[in-house]
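The values are calculated or read from the model by the stated rules, or taken from the named source; none is laboratory data. Keep in mind that this is a model prediction, so the values were computed, not measured. Here the Cβ positions follow ideal geometry from the backbone for every residue, glycine too, while neighbour counts run over all protein chains shown. Ligands, DNA and RNA are excluded from the accessible area calculation, which covers all protein heavy atoms including side chains. Shrake-Rupley method; radii C 1.70, N 1.55, O 1.52, S 1.80 Å.
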Amino acid sequence: MSEPRWVRAILIGLALLFLGIFLLVPLIVVFTEAFKKGAEVYLESIREPDAVAAIRLTLIAAGIAVPLNLVFGVAAAWAIAKFQFPGKSFLITLIDLPFSVSPVISGLVYILLFGLQGWLGPWLAEHEIKIIFAVPGIVLATIFVTFPFVARELIPLMQAQGSEEEEAARTLGAGGWQTFWRVTLPNIKWGLLYGVILCNARAMGEFGAVSVVSGHIRGATNTIPLHAEILYNEYNSAAAFAMASLLTILTLVTIALKALIDWKSQVEVREVGEIRERALAEA
Amino acid sequence: MSIEIRNISKSFGDFRALKDVSFKVDTGELVALLGPSGSGKTSLLRIIAGIEVPDGNDGGILIHDEDTTSISFRDRRVGFVFQHYALFRHMTIFENVAFGLRVRPRRLRPSEKIIREKVNELLKLVQLDWLGDRLPSQLSGGQRQRIALARALAVEPNVLLLDEPFGSLDAKVRKELRQWLRRFHDELKITSVFVTHDQEEALEVADRVVLMNEGRVEQVGTPEEVYHHPANAFVYNFLGNVNLFHSRVEEGKVFLGELPIDLPAESTRDAKSALVFVRPHLLEIEHQRNGGDNFHAKVTHINAAGPLVKVDLVTDWGAAVHVEISHGRYASLGLKREDEVFVRPKERRVFVEAQSGKEDSTHP
């Protein structure tokens with residue numbers, strides 16, 4: 001605290017200015033634009049059939065992708081954090097893949113795989129299974145881009161916690177499932193919830209990958225972000241921002257939940273820290 | 001319930017943690033697995049518990065003369081106390097202790113009332129019944145250790161295994177708790193094995209000590225046996241402070257300066273060098289060369305703070321010698337730094353280094 005008062009004032013002012021321009025103002029813009037023509041128009045644009053279809057599709061995609069990635073994330077983190085096996089670092093890299101690949105590319109991969117001219121295209125067409133430009137494609141793309149969230153959140157947490165508690169549970173006679181439900185899951189619940197919330201936010205907000213596989217069929221294969229874009233391109237900005245405001249509300253809820261979880265899991269993190277310190281002191 | 005360890009080997013990658021280990025723990029005994037870190041003692045304990053699986057099929061763990069290789073955790077009935085307690089951090093102390101009862105299959109699970117009685121009884125046994133509704137993070141290290149013990153006892157184990165039970169506690173708590181463990185064991189008489197790297201702890205608490213080094217058992221015996229009749233150089237060196245002299249063998253004798261010492265009778269003829277061990281309190285300091293069964297040395301440092309006076313000396317051939325004498329003896333000698341004195345070993349152990357590197361031993 002040796003800096004003079006004016007230096008501090010400038011630095012804090014700059015930080016606030018940045019936050020304001022890049023975060024707060026856009027947030028305000030979204031809601032003012034959405035309500036520009038009044039609350040009635042806002043409600044109307046959300047209740048309109050194409051909008052309802054977009055909202056429903058977004059909920060379906062997230063409703064499938066999030067539970068699947070939850071199960072996968074827990075299983076992968078469990079395997080990586082608690083066991084040694086060949087190919088472990090390869091698996092970690094694989095889990096990170098969706099983070100390092102542009103979402104548009106992930107979408108294209110699915111087109112090349114399932115599209116009419118794609119590898120599996122002819123076979124799918126023969127059996128009248130439609131994946132690309134249909135709901136399954138959107139769900140697949142969403143699953144792909146949200147793949148790493150849960151696992152990434154859990155791996156460091158589970159590694160820090162170690163497997164002593166699970167071993168203790170087993171020596172006390174608990175079976176595999178009992179150990180998981182009674183010991184492992186309660187220990188990771190806040191980290192898991194955090195991962196799920198991030199995963200959900202991304203699943204609902206994903207644009208690139210979904211855009212490629214969707215085909216933008218109104219009322220059928222548009223999610224909220226895609227629908228917002230179409231409306232905007234049609235100069236229907238009030239409706240576009242009404243759609244955008246839904247995602248923004250999701251963001252705000254996500255932030256609020258995250259803050260709550262951070263606060264709740266502080267105890268957990270503190271304990272893990274203690275364990276780490278003890279282990280270090282030991283070594 | 002006795003525990004028999006039969007030809008157990010275990011490797012982790014290229015590292016051979018255990019090399020064909022066998023010994024037996026009798027019913028009701030408290031046995032210490034003692035050795036330096038990396039000697040394989042914890043691996044062995046984890047194999048007895050069934051947490052790790054030994055290599056190969058020719059070895060096994062027999063509990064009460066029954067092979068446990070194919071017995072599940074639940075039926076093995078082994079209580080295990082972890083070094084870092086491994087208490088379930090999200091459960092209260094009460095629920096931690098109750099865990100082993102609650103996870104039983106429905107038909108074997110006691111009623112809520114019986115669980116309650118049993119847990120309270122165990123908490124009383126470890127003298128912590130007032131902590132039932134706390135979380136593990138609210139307890140001190142010594143309290144957590146005792147809760148871990150209560151939790152392990154809840155399943156009425158046939159044998160109790162403790163991994164460095166006092167390893168993460170400070171010196172004073174550690175001393176109290178190990179005396180408590182000894183009394184506790186005398187009350188319950190449950191066959192117990194605990195791992196430690198602290199020789200004082202092992203010698204003080206255990207009925208018998210199993211000394212381990214580099215994955216092998218070096219000696220098994222009562223504390224008196226291993227301390228007074230160490231089987232080899234490692235055991236002698238590991239149990240207590242010791243002066244160690246590397247000496248050449250000449251004409252069947254080993255020399256400490258001008259002082260000749262007989263080689264053990266059964267030792268190999270072609271031995272070229274030997275290790276002579278003398279404990280610091282078994283060396284006598286004298287001003288005269290009485291009779292010549294001593295060697296010449298010079299005092300380099302004196303530390304008189306403590307129950308014994310610690311004198312550091314250096315011999316004519318440059319070896320450092322550490323001697324402990326009583327305060328009375330120290331006063332009558334009138335010892336000062338730089339004094340030229342003679343040192344007489346009252347008792348010593350000679351371990352011959354044969355050419356193979358293997359060591360033979362004998363008593364003085």
What pairs come out if I take residues in region B:75-88 that are more than 8 Å from every other protein chain (Cβ to nearest Cβ) and pair them with residues that are among the hydroxyl-bearing types (S, T, Y) whose C-beta lies under 7 Å away, six or more apart or interchain?
B:R76/B:T68; B:Q83/B:S168
Residue set A:V41, A:V66; condition surrounded by 11 or more Cβ atoms within 10 Å (Cβ to Cβ) and under 27 Å from the mean Cα position of the chain (by Cα); output residue A:V66
Out of the residues in region A:172-188 meeting the condition of being facing another protein chain (nearest Cβ under 8 Å) and in a helix (DSSP H, G or I), tell me which one is surrounded by the most Cβ atoms within 10 Å (Cβ to Cβ).
A:V183
Over region B:95-136, the set of residues in a loop (DSSP other than H, G, I, E, B), within 19 Å of B:G79 (Cα to Cα) and among the basic types (K, R) is B:R104, B:R109
From B:S111, B:S137, grab the single residue that is surrounded by fewer than 16 Cβ atoms within 10 Å (Cβ to Cβ), within 11 Å of another protein chain (Cβ to nearest Cβ) and out of contact with any Ser or Thr (no Cβ under 7 Å at 6 or more places or on another chain).
B:S137
Can you list residue pairs whose Cβ atoms sit under 7 Å apart, with the first residue in region A:123-135 being farther than 21 Å from A:N222 by Cα and the second being of a type outside the set (D, E, K, R) and not in a loop (DSSP other than H, G, I, E, B)? Count only pairs 6 or more apart in sequence or on different chains.
A:L124/A:F114
Taking the stated definitions as given, is B:P36 open to solvent by less than 60 Å² (accessible area, probe 1.4 Å), at pLDDT below 90 and either more than 12 Å from chain A (Cβ to nearest Cβ) or in a strand (DSSP E or B) (or both)?
no
Among A:T146, A:T93, A:T142, which is under 30 Å from A:N187 (Cβ atoms), of a type in the set (S, T, N, Q) and surrounded by fewer than 22 Cβ atoms within 10 Å (Cβ to Cβ)?
A:T93
Are there any helices (runs of 4 or more DSSP H) wholly within region B:153-228 with 3 or more residues that are of a type in the set (A, V, I, L, M), and if so which?
B:171-188, B:199-205
Of the residues A:A203, A:A151, A:A160, A:A169, which single one is within 14 Å of another protein chain (Cβ to nearest Cβ), touching a residue at least 24 places away in the same chain (Cβ under 8 Å) and in a helix (DSSP H, G or I)?
A:A160
Just the residues that are under 13 Å from B:V278 (Cβ atoms), open to solvent by less than 40 Å² (accessible area, probe 1.4 Å) and in contact with a strand residue (DSSP E or B) (Cβ under 8 Å, 6 or more places away or on another chain), please, taken from region B:234-251.
B:Y236, B:V242, B:N243, B:F245, B:S247
Being modelled with pLDDT under 90, open to solvent by 80 Å² or more (accessible area, probe 1.4 Å) and in contact with a Phe, Trp or Tyr (Cβ under 7 Å, 6 or more places away or on another chain) is true for just one of A:F35, A:F83, A:F99. Which residue is that?
A:F35
Regarding region B:96-105, can at least one residue be identified that is more than 13 Å from chain A (Cβ to nearest Cβ) and out of contact with any Ser or Thr (no Cβ under 8 Å at 6 or more places or on another chain)?
no
Between a residue in region A:48-72 that is among the charged types (D, E, K, R) and any residue that is crowded, with 19+ Cβ neighbours inside 10 Å, which pairs come within a Cβ distance under 8 Å, given they are 6 or more apart or on different chains?
A:E48/A:A239; A:D50/A:N222; A:D50/A:H227
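Are any of the residues in region B:159-168 over 18 Å from B:E29 (Cβ atoms) and open to solvent by less than 10 Å² (accessible area, probe 1.4 Å)?
Looking through region B:159-168, at least one residue is over 18 Å from B:E29 (Cβ atoms) and open to solvent by less than 10 Å² (accessible area, probe 1.4 Å).
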Top-ranked residue of region B:43-72 - restricted to ones that are open to solvent by less than 40 Å² (accessible area, probe 1.4 Å), within 14 Å of chain A (Cβ to nearest Cβ) and in a helix (DSSP H, G or I), ranked as nearest to B:V195 (Cα to Cα):
B:L45
